[in-house]
Amino acid sequence: MATIKNEKQYQAACERINELLKVVSNDTPADNKDMVELDLLSDLVADYEEEHYPIVAPTLVETIKLRLFEMGLTQMRLAEMLGLSNARVSEILNGKSEPSLKIGRELSRQLNIDPAIVLGV
């Protein structure tokens with residue numbers, strides 16, 4: 001089966017997908033030529049993106065910062081929640097130190113972060 005070999009082909013495939021999305025809907029039969037083309041191009045683009053634009057899991061620090069933003073919390077409020085000094089939380093958020101297991105457990109509980117993310121597994 002063919003593959004997308006370079007960025008120019010990738011861009012052309014993306015443009016064609018956008019064109020096809022205008023003429024194909026959820027009601028379009030699976031054997032419709034536009035639907036078949038869309039299906040094939042989508043798979044090719046997905047394979048290319050997986051290789052050239054992989055999505056990496058966020059780091060613990062990125063996850064903490066996102067949760068703080070989502071919950072409308074400040075670094076100072078997080079320090080209070082964890083029973084830590086603001087300086088210690090700053091060290092963690094700046095990547096200068098890793099949280100202990102005890103702090104990691106509290107981060108998981110207080111910010112509703114999956115323990116696997118906190119443990120880095």
* Structure fact -> Of the candidates 72, 46, 103, the farthest towards the positive dipole end of the range 11-121 (Lys/Arg Cβ +1, Asp/Glu Cβ -1, centred on the Cα centre) is 103
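How would you classify the range 25-70 from its alpha-carbon gyration tensor, with a ≥ b ≥ c the square roots of the eigenvalues: rounded for a/c under 1.5, else prolate if a/b is greater than b/c, otherwise oblate? Before the final figure, lay out the partial values.
Working: a/c = 7.23, a/b = 2.31, b/c = 3.13.
Oblate shape, in that a/c is at least 1.5 and b/c is the bigger or equal ratio.
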* Sticking with the crude label model, points 7 Å out along Cα→Cβ, report the distance from residue 31 to residue 100 in nm, one decimal please. => 6.8
* **Positive-end residue, the range 1-109 charge dipole about Cα centroid, Cβ charges, pick of 32, 17, 90** => 90
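Could you do me a favour and compute the accessible area per residue for the chain, 1.4 Å probe, result in Å²?
About 71 Å² of surface per residue is accessible.
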* Asked: Pairing the Cα long axis of helix 7-23 with the longest principal axis of the chain, what angle in degrees results, from 0 to 90 and rounded to the nearest 10?
  -> 80
* To do: Give the ranking of 81, 76 by solvent-accessible surface, highest area first, calculated with a 1.4 Å probe.
  => 76, 81
* HN-Hα J couplings of the range 73-87 from phi, Karplus 6.51/-1.76/1.60, θ = phi - 60°, integer Hz, Gly and Pro as x? -> 9, 9, 4, 5, 5, 4, 4, 4, 4, 8, x, 10, 6, 4, 5
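If you average 1/r over every pair of different alpha-carbon atoms in the chain and take one over that average, what Kirkwood value in Å do you get?
It is 18.0 Å.
Suppose we flag trypsin sites (Lys or Arg not before Pro) only when DSSP calls them loop and at most 12 other Cβ atoms lie within 10 Å. Which is the longest uninterrupted stretch of the chain? Show your work: numbers first, answer last.
Values: sites that count: 5, 96.
Between exposed loop sites, the widest span is 6-95.
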* Asked: Angle, helix 60-71 long axis vs. longest principal axis of the chain, Cα atoms, 0 to 90°, nearest 10?
  -> 90
* Value of relative contact order over the chain, rounded to a whole percent, pairs C-alpha under 8 Å and six or more apart -> 19
* Structure fact -> Per the helix-only model, the chain has a calculated mean residue ellipticity at 222 nm (DSSP H runs of ≥4, -39500 (n - 2.57) each, divided over all residues, rounded to the nearest 500) of -20500 deg cm²/dmol
* In the full protein assembly as shown, how much of residue 23 is accessible to a 1.4 Å probe, in Å² to the nearest 10? -> 90
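The values are calculated or read from the model by the stated rules, or taken from the named source; none is laboratory data. Keep in mind that this is a model prediction, so the values were computed, not measured. Positions of Cβ are backbone-derived with ideal geometry, glycine not excepted, and every protein chain shown enters the neighbour counts. All accessible areas refer to the heavy atoms of the entire protein, side chains included, with ligands and DNA or RNA removed. Shrake-Rupley method; radii C 1.70, N 1.55, O 1.52, S 1.80 Å.
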